[in-house]
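Report on the following structure.
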Amino acid sequence: MKKTMFYDLHQKHGGKIVDFAGYKMPVQYSSIIAEHKAVRTSVGVFDVSHMGEVFIEGENALDFIQHISINDASVLYPGRVQYSAMCYEDGGIVDDLLVYKITDARYLLVVNASNLEKDVAWMRQNNSHGVQISDLSDSYSLLAVQGPDSRKVIEKVFGEEVDLEYYHFKMSAYHGTEVILSRTGYTGELGYELYFQGDQAMAEKFWNSLFRAGEEFGILPCGLGSRDSLRLEMGYCLYGNDIDHTTNPLDAGLAWITKLKKPSFIGRDAIMDIKANRSKRKLTPLLCEEKAFPRHGYEVVLNGRNIGYITSGTVSPVLEKGIALAYIDSEYAKEGNELNFLVRGKEVPVKVVKLPFIQK
């Protein structure tokens with residue numbers, strides 16, 4: 001198992017370490033609920049250095065990205081970020097990812113840690129455009145600073161005004177080290193991502209600067225547990241739970257990033273067929289008025305008949321109610337429909353609602 005540059009700090013701060021995507025990562029420090037609420041009300045910091053950073057370079061970089069991804073990267077300009085996905089020929093999802101346009105001939109693709117090896121192999125397998133594909137994941141650290149007070153913390157650390165629009169980035173520097181400073185986020189709050197290279201001493205210096213700057217705001221280190229509950233409150237997909245090679249973007253509610261008017265991309269024909277024949281199932285948000293815990297894999301039923309299964313579920317720390325995403329038969333996915341999920345043979349009522357679960 002790998003360790004990030006911040007592993008010693010995680011232990012110092014009492015992080016509960018688990019094995020995740022080939023890394024030893026903190027799942028929580030104080031408590032998942034405390035960390036979740038810190039991000040919703042003030043600011044928290046996540047070590048997400050396990051994510052993959054793959055650089056695409058060459059005069060045909062855009063054509064290559066257009067070929068392997070379902071969104072339209074031609075609308076990007078230097079400093080712009082795009083959420084996208086890659087699909088197999090049958091429309092199944094290889095991975096979801098972020099596309100950063102650095103220059104016309106250089107892009108950064110940020111992919112899920114658990115898929116990195118598979119993703120890079122798939123990119124190279126489909127590289128008919130002669131681009132250079134460089135996996136620099138092991139040399140990059142990545143911190144996510146999230147919450148309403150995140151901008152104040154970032155500005156104190158960098159000593160400059162940070163006025164980034166959503167899904168934009170800029171090149172900055174911290175004590176002579178180049179930093180890709182972006183504003184995307186996976187929590188639904190104002191937030192920033194800091195990509196940088198450097199040794200452990202430099203990484204720890206950066207971490208400590210953030211926590212000194214955030215002390216007045218009650219900044220907390222946050223683990224994978226609160227990262228998951230935060231994203232689920234917003235209805236954001238998690239690869240391996242809500243999307244994978246057996247799911248397609250239309251069923252998963254990702255039609256908005258699936259640009260079928262592009263001339264061609266891998267999986268386009270299959271997705272066109274799915275659209276023409278109408279999806280048989282749909283990733284659907286469910287709200288439970290009881291404080292019951294819907295979990296991955298639980299059956300969704302109606303009148304005693306199975307109509308789907310839960311992909312992600314938790315008790316929302318904000319709502320204090322059960323929330324879940326579930327693939328269910330499309331005919332039952334209408335907002336307001338009342339269904340049930342099974343917990344040890346007991347039916348628990350849920351209602352189909354709109355995303356996000358909490359309004360921001």
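Quick one: how many residues across the range 222-256 are in contact with a Pro (Cβ under 8 Å, 6 or more places away or on another chain), over 17 Å from Gly313 (Cα atoms) and surrounded by fewer than 19 Cβ atoms within 10 Å (Cβ to Cβ)? So the answer is 1. Would you confirm whether or not the range 339-357 contains a residue that is crowded, with 17+ Cβ neighbours inside 10 Å, over 27 Å from Ile33 (Cβ atoms) and within 25 Å of the chain's Cα centre (by Cα)? Among the residues of the range 339-357, not one is crowded, with 17+ Cβ neighbours inside 10 Å, over 27 Å from Ile33 (Cβ atoms) and within 25 Å of the chain's Cα centre (by Cα), which makes the answer no. Taking only pairs six or more apart or across chains, which ones have beta-carbon atoms under 9 Å, a first residue in the range 172-194 that is under 17 Å from Tyr100 (Cβ atoms), and a second residue that is assigned to a strand (DSSP E or B) and basic (Lys, Arg)? Going by the 9 Å Cβ cut-off, the qualifying pairs are Ile180/Lys170; Leu181/Lys170; Ser182/Lys170; Gly191/Arg183; Tyr192/Arg183; Glu193/Arg183.
Matching residues to (1) among the β-branched types (Val, Ile, Thr); (2) under 22 Å from Arg80 (Cα atoms):
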{"position": "Val94", "(1), (2)": "yes, no"}
{"position": "Thr103", "(1), (2)": "yes, yes"}
{"position": "Val110", "(1), (2)": "yes, yes"}
{"position": "Ser114", "(1), (2)": "no, no"}
{"position": "Asn126", "(1), (2)": "no, no"}
{"position": "Gly130", "(1), (2)": "no, no"}
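When each of Leu109, Leu97 is tested for being without any contact (Cβ under 8 Å) to a residue 40 or more places away in the chain, crowded, with 20+ Cβ neighbours inside 10 Å and in contact with a Ser or Thr (Cβ under 9 Å, 6 or more places away or on another chain), the lone residue that passes is Leu97.
Selection of the range 280-292 for residues being buried (at least 16 other Cβ atoms within 10 Å of the Cβ) and free of Cβ contacts under 8 Å to residues at least 60 places away in the same chain yields Arg281, Lys282, Leu283, Ala292.
Taken as a whole, the range 111-128 holds at least one residue that is among the β-branched types (Val, Ile, Thr), over 16 Å from the mean Cα position of the chain (by Cα) and at pLDDT 95 or above.
Evaluated against (1) among the hydrophobic types (A, V, I, L, M, F, W, C); (2) surrounded by 21 or more Cβ atoms within 10 Å (Cβ to Cβ); (3) free of Cβ contacts under 8 Å to residues at least 40 places away in the same chain, Ala201 falls short on exactly one condition, (2).
Selection of the range 257-278 for residues being within 18 Å of the chain's Cα centre (by Cα) and either among the charged types (D, E, K, R) or surrounded by fewer than 19 Cβ atoms within 10 Å (Cβ to Cβ) (or both) yields only Ile257. Checking each residue in the range 98-120 for being assigned to a strand (DSSP E or B) and out of contact with any Pro (no Cβ under 8 Å at 6 or more places or on another chain) picks out Leu98, Val99, Tyr100, Arg106, Tyr107, Leu108, Leu109, Val110, Val111. Yes or no: the range 81-92 includes at least one residue that is touching a Pro at 6+ places or on another chain (Cβ under 9 Å), small (Gly, Ala, Ser) and part of a strand (DSSP E or B). Yes - at least one qualifying residue is present in the range 81-92.
For the criterion of being over 19 Å from Gly44 (Cα atoms), in the same structural domain as Ser226 (by TED's automatic domain parsing) and either touching a Lys or Arg at 6+ places or on another chain (Cβ under 9 Å) or not charged (D, E, K, R) (or both), Ser182 fails.
For the range 20-70, a residue qualifies if it is buried (at least 19 other Cβ atoms within 10 Å of the Cβ), part of a helix (DSSP H, G or I) and of a type in the set (S, T, N, Q), and exactly one does: Gln66.
The values are calculated or read from the model by the stated rules, or taken from the named source; none is laboratory data. Computed from a prediction, not measured in an experiment: that's the story for all the values here. With ideal geometry, Cβ positions are generated from the backbone for all residues, glycine too; neighbour counts draw on all protein chains shown.
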